[in-house]
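Written out below as structure tokens is the structure these notes cover.
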Amino acid sequence: MMHSWLVLLALLALAAVVSRNFFSWPKPSEKTPLQLRHILAGVVLLFLPGLLPFITGSHSHTTARSLHGVFLTCAYIFYLLGLPIEVTRSVIYSGNKPGATFLHAVSSAIRMWIIVIPITQIIGLVLNKGLALILPIEALQEQTLTQEVQDTLTSTAHDRGFILSLGMLVPFAEEIFFRGFLQTFLKNKMNRVYALLYSSVIFALTHVEHSWGSLVFVPVLFIFSLFTGFLYEKERHIAAPIVLHMLFNATNIGMLSV
């Protein structure tokens, strides 16, 4: 345990170095043509995969989650392609034009990843310790998703589709909706700081499960979403939050496999 804390503190020190002159963002962009109907359609696409087990007749959570990622990614890609070009550009660039090139957006995502990982891990550990002092150990159940990932990683036959879905496809789709659609839409209605806060609250709450593990998982995701939303606004390129989210999920999956 002491070794883990030392590693996290070392990573936190590295994050402090990397974050130097990083947390600044450009002036607010002009209002975008995103309308409420675009958001509502995005919400339908986000929750529609929940019906997949009933449609496919599959009772396997891992199979359903694998299809979940494929469906979401395809649905949002086709949805963006079917929208007017100015709306699609608003989603991809948080405005009419990007604030950074694709490569610069990816570079910033890697930089933010170095910052986010130690912060979220430390917050998660502190919350776990705090809950352990309040609740009996037998009541502290992990998130269902976390348990499914662990079961998949420790099984003899890995469900590569499940891991691919969590590591790449779901992050892609979630960032398209929560950052590209929701955060950009909220910026039309309020100060961008509040837009960032509200979209992060909604992002975190959509991951709530019926377990005490949510008391750790949800706050950590809220903090993660704040960083991700900031990065999207800073770079004004959807590639930045997508790559950050992929790296974040891949890192957490890797930690569960150790």
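Within the stretch 209-222, not a single residue is in a helix (DSSP H, G or I) and within 19 Å of S108 (Cα to Cα).
One residue stands out in the stretch 70-97 among those that are free of Cβ contacts under 8 Å to residues at least 60 places away in the same chain and not in a helix (DSSP H, G or I): the one that is surrounded by the most Cβ atoms within 10 Å (Cβ to Cβ), namely L83.
State yes or no: is G254 surrounded by 18 or more Cβ atoms within 10 Å (Cβ to Cβ), farther than 27 Å from L80 by Cα, at pLDDT below 95 and not β-branched (V, I, T)? Judged against the criteria, G254 is not a match. If you go through the stretch 233-246 and keep only what is over 12 Å from the mean Cα position of the chain (by Cα) and in a helix (DSSP H, G or I), you end up with E233, K234, E235, A239. Selection of the stretch 213-258 for residues being aromatic (F, W, Y) and in contact with a Ser or Thr (Cβ under 9 Å, 6 or more places away or on another chain) yields F217, F222, F224, F227, Y232, F248.
The values are calculated or read from the model by the stated rules, or taken from the named source; none is laboratory data. Everything numeric here is computed off the predicted structure, so don't read it as measured data. Please note: Cβ atoms are built from the backbone with ideal geometry, for glycine as well, and neighbour counts cover all protein chains shown.
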